[in-house]
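Worksheet: the structure to be examined is printed underneath.
The values are calculated or read from the model by the stated rules, or taken from the named source; none is laboratory data. Since the structure is predicted, the reported quantities are computational estimates derived from the model, not experimental observations. Virtual Cβ from ideal backbone geometry, glycine too; neighbours counted across all protein chains shown. Please note that ligands, DNA and RNA were not included when accessible areas were found on the heavy atoms of the full protein model with its side chains. Shrake-Rupley method; radii C 1.70, N 1.55, O 1.52, S 1.80 Å.
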Amino acid sequence: MNISEATKLVIATGGKMYRVSEDCAPMLITPTDTPDCCTGEIRGSDKAPGKRWQPQAKDLIAEDWEVTE
């Protein structure tokens, strides 16, 4: 699915979204309307989520977004 569809599903379900084709450990993204914007965390990491995830153009046009709970 595209980033817009994934965002709507995350908002509805409370999950997180990620790109399937990412070469590194998947970044789990949580879109918000807070000052933190979108937060991101590396799956399996015990570090706190980072604030203000900044997507690249390839992320915005990708069709391989998935949602997890």
Residue in the stretch 27-50 that is surrounded by the fewest Cβ atoms within 10 Å (Cβ to Cβ), counting only those that are of a type in the set (D, E, K, R) and touching a strand residue (DSSP E or B) at 6+ places or on another chain (Cβ under 6 Å) = ARG43
Search the stretch 55-69 for residues that are part of a strand (DSSP E or B) and pair each with any residue that is among the basic types (Lys, Arg) and surrounded by 10 or more Cβ atoms within 10 Å (Cβ to Cβ) when their beta-carbon atoms are under 8 Å apart and the residues are at least 6 apart or on different chains.
-> TRP65/ARG19; GLU66/ARG19; VAL67/LYS16; THR68/LYS16
Within the stretch 36-49, is there a residue that is outside any strand (DSSP E or B), touching a residue at least 12 places away in the same chain (Cβ under 8 Å) and either among the β-branched types (Val, Ile, Thr) or in contact with an Asp or Glu (Cβ under 8 Å, 6 or more places away or on another chain) (or both)?
-> yes
(1) open to solvent by 50 Å² or more (accessible area, probe 1.4 Å); (2) without any contact (Cβ under 8 Å) to a residue 60 or more places away in the chain all hold for GLU5 apart from (2)
Can you spot a residue in the stretch 19-26 that is surrounded by 10 or more Cβ atoms within 10 Å (Cβ to Cβ) and modelled with pLDDT of 90 or more?
-> yes
